[in-house]
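Report on the following structure.
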Amino acid sequence: MRFQAAIQKYNEEYAKKPMQYKKSVRKKMKTMGYIPTFRDIKGVPKFHSKKQGKLSYTTNQTNGNIKIWQENGECFLCIPKFKEGISMILHRDIPVDGVIKKATVKREGTRYMVSLSIDYPFQVPQLQGDLLMM
């Protein structure tokens, strides 16, 4: 009831035209006497379920199930869902002694992006004695 009073007050004082409801809600109001809520106002964004998040697939490295190989100048990624391999473009070379730990395939619009988590040994260079004293 408070919501209806707030809408009426808004329409009287501030709005140039009355608040617009979605077509399905207007039909319910006429036929069943439905009382609209805030979500029924036209133009209010829909908030999606927390359960339906990003369109992505992640797999962890188990017994060498993630592989990258090159053939005829083209690079392929083999993961459990695509055993025959997916054609891909590498934007950075993978370290020779690196081990792939995880692969995530994410859909962004019509494009698919693959993110690889790679573990490789890295040595931190020793600092000079002069730099330590500063």
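The values are calculated or read from the model by the stated rules, or taken from the named source; none is laboratory data. Keep in mind the model is a prediction, meaning the values are calculated, not measured. When we count neighbours, we look across all protein chains shown, and the Cβ atoms used for this are built from the backbone with ideal geometry, even at glycine. Accessible surface areas use protein heavy atoms only, side chains included; no ligands, DNA or RNA. Shrake-Rupley method; radii C 1.70, N 1.55, O 1.52, S 1.80 Å.
Miscellaneous remarks
- Some residue of the range 106-122 being over 18 Å from Ser56 (Cα atoms), without any contact (Cβ under 8 Å) to a residue 40 or more places away in the chain and touching a strand residue (DSSP E or B) at 6+ places or on another chain (Cβ under 6 Å): yes
- Pair list, Cβ under 6 Å, 6 or more apart: the range 54-72 residue of a type outside the set (Ser, Thr, Tyr), other residue part of a loop (DSSP other than H, G, I, E, B): Asn65/Pro80
- Total residues in the range 37-59 satisfying the condition of being surrounded by 13 or more Cβ atoms within 10 Å (Cβ to Cβ) and at pLDDT 75 or above: the figure is 3.
- Which listed residue is more than 30 Å from Ala5 (Cβ to Cβ), at pLDDT below 90 and outside any loop (DSSP other than H, G, I, E, B), from Leu90, Leu132, Leu127: Leu132
- Pick from the range 97-115, criterion open to solvent by 50 Å² or more (accessible area, probe 1.4 Å) and modelled with pLDDT of 85 or more, ranking: farthest from the chain's Cα centre (by Cα): Asp97
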